[in-house]
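Below is one structure; the comments refer to it alone.
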Amino acid sequence: MIRPRWGSCFEPVLIAAFTALFILVSCTSTRSIQTTACNQANSTAQPAFLDGWEIASDDTFAIYLDEAVLWETGDEGGDIFDAVIESASVEVNGRTVSGLSFGQLTTIIGHYDENRNIVGSHGGGIQISFRTNVLSDGENCIDLRFESPSGTIHSHAWIVENLAAL
């Protein structure tokens, strides 16, 4: 009778096989959670603060925010823009994107009460951009989070199809 020898030469292979299986299961589980979060967010209406997004021709992903929707009484000039710059985070497929760029349409819009007293102002639309090289082929979960000057947390997650990579 011949018995298989489970000596030292097989042990690393078995350990490596179990480790690879664990990593594969972990990655699959994480992707599933991210996709579920994106699908749940996608099933809700786009929030009013999100003015849109696009993959620009210069390999940049741009997210547009409507500062007028984010404005609250007491906000002045660049308060909202400054708060977005200080607090914004974007995740693509669960990974934080570094190197975000910010831009704003230079304009000041005043807000007045019923007695024509100014109660605050805000600038134009805000653009948050990053390089598209962080996008995977096919579907990507984009998760945006930022705070307003009052500390209100705004967030939205949605799925973007990266057709350029296909």
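Each reported figure results from applying straightforward, stated rules to the coordinates on display, with no laboratory input. Just so it is clear, the model here is predicted, and its values are computed rather than measured. We place every Cβ from the backbone using ideal geometry, glycine too, and count neighbours over all the protein chains shown.
At a glance:
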item	result
Cα-based Kirkwood hydrodynamic radius, the range 93-166, one decimal, Å	15.4
Inter-label distance for GLU147 and ALA68, nm, one decimal - labels placed 7 Å from Cα along Cα-to-Cβ	2.8
Charged-residue dipole, Cβ positions (Lys, Arg, Asp, Glu), the range 101-166 about Cα centre, Debye nearest 20	240
Sites GLU139 and VAL119 - FRET efficiency at Förster radius 41 Å, r taken between beta-carbons, to 0.05	0.40
By average C-beta atoms within 10 angstrom, highest first, the peptides 70-82, 88-100	70-82, 88-100
Extension gain from GLU91 to ASP51, taking 0.36 nm per residue of separation minus the Cα-Cα distance	12.6 nm
Whole-angstrom Cα spans of the range 49-101 along principal axes, big to small	36, 21, 17
